[in-house]
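What follows is a short report on a single structure.
Rule-based calculations on the coordinates, nothing more; no lab input. In this text, all values refer to a predicted model and were calculated from it rather than measured experimentally. As a convention, Cβ positions derive from the backbone with ideal geometry for all residues, glycine included, and neighbour counts pool all protein chains shown.
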Amino acid sequence: MIVNLAQEGWEVIYHRAHALLAAQIAGHWRKSDAPERFYETIAAISHHDDLEKEWEGNELTEAGAPLDFTLGRGDSTEPLRRHISNARYRGRWVTLLTSKHITYLSQDKWGSSKEWDAFLNEQVQNQEKWSKELGIEKDEVERAYQFMLWCDRLSLILAQKQIPDDQRSLEITSGIDDQRYDIRQLSNGHLTVEPWPFEEEFTVNVEACCLSELKFENNQALVKALQLAPIKVSTWTFSEKE
């Protein structure tokens with residue numbers, strides 16, 4: 001989950017909500033420049049964080065605060081295998097992009113153990129196999145994945161409240177066709193992306209749970225608080241110009 005410190009406590013955004021925000025952004029991309037299998041790619045973006053289940057497992061820091069996703073990662077490959085296997089229900093293209101994303105996020109695990117090496121090597125082999133079966137060239141697969149990563153990154157910038165002040169720019173990524181894209185807040189409060197890659201002006205949103213307690217005795221107390229918490233909806237409007 002994504003945890004932001006707020007004046008009244010914590011704002012918690014579930015990872016699946018962040019993925020849905022990324023899919024909203026993806027859906028407004030300029031169709032003439034869209035990646036391969038555009039709508040299936042949006043499905044992969046929407047479901048790429050289905051592994052995260054914040055009402056299960058350990059979601060607290062040692063101090064009892066809600067655990068932001070940047071502070072904890074599991075060391076087992078088994079949940080990742082299940083996540084990739086479940087993606088198969090949506091087809092090989094979604095599975096391929098999901099596998100590439102997990103490989104990207106786990107690249108620091110190369111050489112850490114035989115288990116991780118076997119898992120990551122298996123993903124690379126499967127990605128090549130699925131690409132050939134689908135008849136899609138490697139560079140087109142990579143472009144679609146870079147698009148997925150771009151939308152994921154922009155969603156995180158919004159969810160983590162990283163928009164700079166004073167109309168300053170922040171790089172999103174430069175992975176799509178080696179083109180750098182920056183996000184910037186306009187004087188009217190709208191956001192813009194430079195260069196502009198979307199069809200038209202649009203608005204996206206995400207829900208956050210508002211927690212008033214700063215620390216919790218255990219995970220059960222956190223889950224109960226999350227389920228009963230008031231919901232805040234954050235919205236952002238993207239415009240090419242003011």
query = Which of the peptides 222-234, 1-13, 142-154 is most tightly packed, and how do the rest follow, judged by the mean count of other Cβ atoms within 10 Å per residue?
reply = 142-154, 1-13, 222-234
Residues Ile25, Ile172, Ile45 arranged by fewest to most Cβ contacts within 10 Å = Ile172, Ile25, Ile45
remark   = Rounded to two decimals, the Rg over Rh value of segment 122-242 from Cα coordinates and the Kirkwood Rh reads 1.10
task = In a Gaussian network model over the chain where Cα atoms closer than 10 Å are linked, find which of Ser174, Ser155, Ser32 has the largest mean-square fluctuation.
result = Ser32
note = Least to most buried among Trp130, Trp110, by other C-beta atoms within 10 Å and fewest first, runs Trp110, Trp130
query = Ordered by residue, what ³J(HN,Hα) values in Hz, to whole numbers, does segment 190-197 give under the Karplus form 6.51 cos²θ - 1.76 cosθ + 1.60, where θ = phi - 60° and Gly and Pro are x?
reply = 6, 10, 9, 10, 10, x, 6, x
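Step through the table entries Lys109/Lys138; Lys31/Lys138; Lys31/Lys109; Lys100/Lys215, compare each Cα-Cα distance with 27 Å, and write down the pairs that go over it.
Over 27 Å Cα-Cα: Lys31/Lys109; Lys100/Lys215.
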ask   = Based on the Cβ-Cβ distance of Glu140 and Gln162, what FRET efficiency does E = 1/(1 + (r/R0)^6) give at R0 = 41 Å, to the nearest 0.05?
value = 0.85
request  = Before rounding to the nearest 500, sum -39500 (n - 2.57) across all DSSP H runs of length at least 4 in the chain and divide by the residue total; then give [θ] at 222 nm in deg cm²/dmol.
outcome  = -13500 deg cm²/dmol
inquiry  = Along each principal axis of its Cα atoms, how long is the chain end to end? Whole angstroms, biggest number first, please.
reply    = 52, 50, 30
ask   = So if we plug the beta-carbon distance of Glu242 and Arg81 into 1/(1 + (r/R0)^6) with R0 = 51 Å, what FRET efficiency do we get, rounded to 0.05?
value = 0.60
task = Order by neighbour count: His28, His83, fewest other Cβ atoms within 10 Å first, most last.
result = His28, His83
request  = Specify the residue with the greatest mean-square fluctuation among Ala26, Ala159, Ala221, computed from a Gaussian network of the chain linking alpha-carbon atoms under 10 Å apart.
outcome  = Ala221
remark   = Under the Karplus relation with 6.51, -1.76 and 1.60 and θ = phi - 60°, whole-Hz ³J(HN,Hα) for segment 62-70, x at Gly and Pro, equal 4, 7, x, 8, x, 8, 5, 4, 6
remark   = As a percent rounded to 5, the proportion of antiparallel DSSP bridges among beta bridges in segment 2-238 is 95 percent
ask   = In terms of modelled amide H atoms, which long-range or inter-chain residues lie less than 5 Å from the amide H of Phe198?
value = Arg30
task = Specify the inter-centroid distance of segment 16-66 and segment 156-175, based on alpha-carbon positions, in whole Å.
result = 18 Å
Within segment 2-238: Cβ-based charge dipole about Cα centre, in debye rounded to nearest 20 (Lys, Arg +1; Asp, Glu -1) = 480 debye
message = With the crude spin-label approximation of a point 7 Å out along Cα→Cβ, what separation in nm comes out for Glu128 versus Arg88?
response = 2.1 nm
